[in-house]
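Chemist: Below is one structure. I have some questions about it.
The values are calculated or read from the model by the stated rules, or taken from the named source; none is laboratory data. Please read these numbers as outputs of a predicted model, since none were measured by experiment. Neighbour counts are summed over all protein chains in view; Cβ atoms, including those assigned to glycine, are modelled from backbone coordinates with ideal geometry. Accessible surface is based on the protein model in full, side chains and every heavy atom, while ligands, DNA and RNA are left aside. Shrake-Rupley method; radii C 1.70, N 1.55, O 1.52, S 1.80 Å.
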Amino acid sequence: MSKKAIISVFSNENENNEEPISVTTPGEFFEKNNCYYAMYKETKISGMEGTTTTLKIKSEEFCIVRMGTTSTKMEFKKGKKTFSMYNTPYGTFELEIDTKVIDINVNDKGGKVYIKYDLNISKQARQTTELNIEIKVLEN
């Protein structure tokens with residue numbers, strides 16, 4: 001059964017001295033087939049209005065699936081490189097994700113995910129990114 005939750009996503013690119021991206025939004029949280037899922041709708045602030053984001057959380061793997069105006073499936077597996085296509089209204093980009101650190105601490109009440117990874121977009125300069133996600137299940 002799906003539970004209401006508050007989902008906070010904080011993303012920081014280390015090398016470019018860019019402002020971190022922080023989004024806190026209502027969503028849903030549930031468990032299915034030994035995986036936890038958190039789902040939320042993107043807003044104008046994220047630049048992906050019309051997109052639903054699903055976070056698929058396993059004990060040692062993490063996946064971001066976006067469907068809508070922006071679509072992608074980004075997989076994070078410690079010590080492995082994964083590849084995906086990132087479809088936006090402005091074009092399609094190839095992503096190479098090299099996960100360096102992944103720390104998942106999630107249970108039926110929510111939890112935290114920390115990922116540090118190198119991201120290469122369409123064979124451009126590699127950027128190191130840190131992703132912190134916090135999920136808080138709202139009590140009825």
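Chemist: Can you give me the number of residues within the stretch 102-115 that are open to solvent by 60 Å² or more (accessible area, probe 1.4 Å) and either closer than 26 Å to Gly68 by Cα or more than 14 Å from the chain's Cα centre (by Cα) (or both)? Working first, answer last.
Modeler: As a first pass, look at the stretch 102-115 and keep what is open to solvent by 60 Å² or more (accessible area, probe 1.4 Å): 103, 105, 107-109, 112.
Then keep just the ones that are either closer than 26 Å to Gly68 by Cα or more than 14 Å from the chain's Cα centre (by Cα) (or both); that gives 105, 107-109, 112.
Residues in the stretch 102-115 being open to solvent by 60 Å² or more (accessible area, probe 1.4 Å) and either closer than 26 Å to Gly68 by Cα or more than 14 Å from the chain's Cα centre (by Cα) (or both): 5 in total.
Chemist: In addition: From the list Thr53, Thr82, Thr69, Thr88, exactly one residue is in contact (Cβ under 8 Å) with a residue 12 or more places away in the chain and within 17 Å of Val9 (Cβ to Cβ). Which is it?
Modeler: Numbers: Thr82 fails: within 17 Å of Val9 (Cβ to Cβ); Thr69 fails: within 17 Å of Val9 (Cβ to Cβ); Thr88 fails: within 17 Å of Val9 (Cβ to Cβ).
The conditions single out Thr53.
Chemist: A further question on this structure: Tell me which of these Gln124 doesn't satisfy, since it passes every other one: (1) in contact with a strand residue (DSSP E or B) (Cβ under 6 Å, 6 or more places away or on another chain); (2) over 16 Å from Tyr36 (Cα atoms); (3) not basic (Lys, Arg).
Modeler: It fails just one condition, (1).
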